[in-house]
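Undergrad: Take this structure first; my questions come after.
The values are calculated or read from the model by the stated rules, or taken from the named source; none is laboratory data. The model shown is predicted, which means the values in this text are computed figures rather than measured ones. FYI the Cβ positions are ideal-geometry reconstructions off the backbone, even for glycines, and counts take in every protein chain you see. Accessible surface is based on the protein model in full, side chains and every heavy atom, while ligands, DNA and RNA are left aside. Shrake-Rupley method; radii C 1.70, N 1.55, O 1.52, S 1.80 Å.
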Amino acid sequence: FATGAVAQQGPATPNMTCAQAMGIVASQGAVVLHTGPTVYDRYVRDASFCAAQEMARPAWVKTADAIQCPVGHVCRSIEIDNGQ
């Protein structure tokens, strides 16, 4: 979820292979990945990298060799996920 006037720096998934993107998330546990020129999100290896009121939801990104690369997960609020 992107906020602030200055975009965060991080690797750009369109410039890497699916294996590279998956490897970054797996090795770092949590990382900000750019999926477009001004689009980014925080991707995590598993729910242990989410806050107490969040759950890990599977995430897919576009990479140089895959339209939908299963890069890892994103943390989302449990309340939002349950529609509350």
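Undergrad: Could you look through region 58-80, keep only residues that are open to solvent by less than 60 Å² (accessible area, probe 1.4 Å) and outside any strand (DSSP E or B), and pick out the one that is modelled with the lowest pLDDT?
TA: Checking each candidate, the answer is Ile78.
Undergrad: Out of region 63-75, which residues are more than 15 Å from Ala26 (Cβ to Cβ) and either without any contact (Cβ under 8 Å) to a residue 12 or more places away in the chain or more than 11 Å from the chain's Cα centre (by Cα) (or both)?
TA: Result: Ala64, Asp65, Ala66, Ile67, Gln68.
Undergrad: What pairs can you find where one residue is in region 45-57 and within 14 Å of Glu79 (Cα to Cα) and assigned to a strand (DSSP E or B), the other is modelled with pLDDT under 95 and of a type in the set (S, T, N, Q), and their Cβ atoms are less than 9 Å apart, with a gap of 6+ or different chains?
TA: Listed pairs, sorted by first residue: Glu54/Ser77; Met55/Ser77.
Undergrad: A further question follows. Please specify each residue of region 32-56 satisfying the condition of being among the hydrophobic types (A, V, I, L, M, F, W, C), closer than 14 Å to Thr13 by Cβ and buried (at least 20 other Cβ atoms within 10 Å of the Cβ). If you could, list the steps in order and put the result at the bottom.
TA: The first filter runs over region 32-56 and keeps only residues among the hydrophobic types (A, V, I, L, M, F, W, C), leaving 32-33, 39, 44, 47, 49-52, 55-56.
Right, trim to closer than 14 Å to Thr13 by Cβ and you get 32-33, 39.
Within region 32-56, Leu33 is the sole residue that qualifies.
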